[in-house]
Amino acid sequence: MNLYNNIIAAKRTNKKKFVVLLDPDKTHGLMLDQTIKLCNDAHVDYLFLGGSLLMHTDLDDYILRIKAQSDIPVILFPGSTHQISSEADALLYLSMISGRNPELLIGKHVESAAQIKQSGIEVISTGYILIDGGRQTSVNYMSNTMPIPSDKNSIAVSTAIAGELLGLKMIYLEAGSGATTPVSSSMITAVSNSIDIPLIVGGGIRTPEAAEKSIKSGADILVIGNAIEKDPQLIIDMSAAIHSSSKSIV
Ligand code: 1GP
């Protein structure tokens, strides 16, 4: 299974993808099992695994526990080079192109490249663009970078185009986990209209209405973490909102 090919095929046919972000330190044990069951029932497209810190969980065991109960592809969304496991189906190889921290542009990649190549895991290089979400989030702090101001669409657009021209395979517009304000509709539309590669959007999306708005604005893939951690049942309504939006766009 080549997940990137699936993502490209879905984009061509305007099928929107719903991603549940799991932080292994926060959702584990029985809570993980319940969440996975809801993800199965709601036909969640992908699971992203990651967190700014991963301190209490063995990632291999965590993925095997998911794999024992679900066929949903597991994609690593690593907060650090320690968050790599060959049990996953793919890895987002994130370059933080909104920032000017060389470690997150190329340094960490050099550190982890040989191990990743050897693991044989599918690698999806992704331009990670941090947008101001109205509060200091973990990713702001941990990355030691400044987010792009939320109203500066042209900077987000130029950054996304630069990522595409550099050969990155996807762009991720990120307001930060738990953001007060998600990425604006106008910015999503502006970026989506400027690139041909898939656009992931996440950060601060709490309601099915907000999810639908982001999808209709041009996101191909929507990532939701925090809101689902607080209320796993939300997975069902979020999925319906995202997947039904696929059909309503011509
Ligand atoms: C964070 O974009 C994701 O990396 C999801 O954000 O946790 O706010 O949904 P939330």
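The values are calculated or read from the model by the stated rules, or taken from the named source; none is laboratory data. Predicted model, so just to flag it, every value in this text is computed and none were measured. Positions of Cβ are backbone-derived with ideal geometry, glycine not excepted, and every protein chain shown enters the neighbour counts. Please note that ligands, DNA and RNA were not included when accessible areas were found on the heavy atoms of the full protein model with its side chains. Shrake-Rupley method; radii C 1.70, N 1.55, O 1.52, S 1.80 Å.
Output yes when any residue across the stretch 128-139 is in a helix (DSSP H, G or I) and either touching a Gly at 6+ places or on another chain (Cβ under 9 Å) or within 12 Å of the ligand (Cβ to nearest atom) (or both), and no when none is.
yes
Which pairs turn up if I take residues in the stretch 11-36 that are touching a residue at least 60 places away in the same chain (Cβ under 8 Å) and look for partners that are open to solvent by 30 Å² or more (accessible area, probe 1.4 Å) with beta carbon separation below 7 Å, at least 6 apart in sequence or on another chain?
Asn14/Ile249; Lys16/His243; Lys17/Asp45; Phe18/Asp45; Phe18/His243; Val19/Asp45; Lys26/Glu229; Thr27/Glu229
What is the residue count in the stretch 1-39 for residues that are part of a helix (DSSP H, G or I) and within 30 Å of Asn140 (Cα to Cα)?
The qualifying residues number 11.
Looking only at residues in the stretch 98-140 that are over 22 Å from Ser186 (Cα atoms) and among the charged types (D, E, K, R), which one is surrounded by the most Cβ atoms within 10 Å (Cβ to Cβ)?
My answer is Lys108.
If you check every pair at least six apart or on different chains, which have Cβ atoms under 6 Å apart with a residue in the stretch 210-229 that is within 9 Å of the ligand (Cβ to nearest atom) first and a residue that is open to solvent by 20 Å² or more (accessible area, probe 1.4 Å) and part of a strand (DSSP E or B) second?
Partner pairs satisfying both residue conditions: Val223/Leu21; Gly225/Leu21.
Only one of these is open to solvent by 10 Å² or more (accessible area, probe 1.4 Å), at pLDDT below 95 and either under 21 Å from Ile200 (Cα atoms) or not acidic (Asp, Glu) (or both): Lys26, Lys67, Lys37, Lys17. Name it.
When all the criteria are applied, what remains is Lys26.
Find the helices (runs of 4 or more DSSP H) located wholly in the stretch 141-250 whose residues include 3 or more that are out of contact with any Leu (no Cβ under 7 Å at 6 or more places or on another chain) and surrounded by 18 or more Cβ atoms within 10 Å (Cβ to Cβ), and list them.
Of the helices (runs of 4 or more DSSP H) lying wholly inside the stretch 141-250, those with at least 3 residues that are out of contact with any Leu (no Cβ under 7 Å at 6 or more places or on another chain) and surrounded by 18 or more Cβ atoms within 10 Å (Cβ to Cβ) span 153-165, 208-217, 234-248.
Sort through Ile235, Ile197 and tell me the only one that's touching a residue at least 24 places away in the same chain (Cβ under 8 Å) and within 16 Å of the ligand (Cβ to nearest atom).
None of the others qualify; the one that does is Ile235.
Find the residue count for the stretch 40-59, including only residues that are outside any loop (DSSP other than H, G, I, E, B), more than 16 Å from the ligand (Cβ to nearest atom) and at pLDDT 95 or above.
The qualifying residues number 2.
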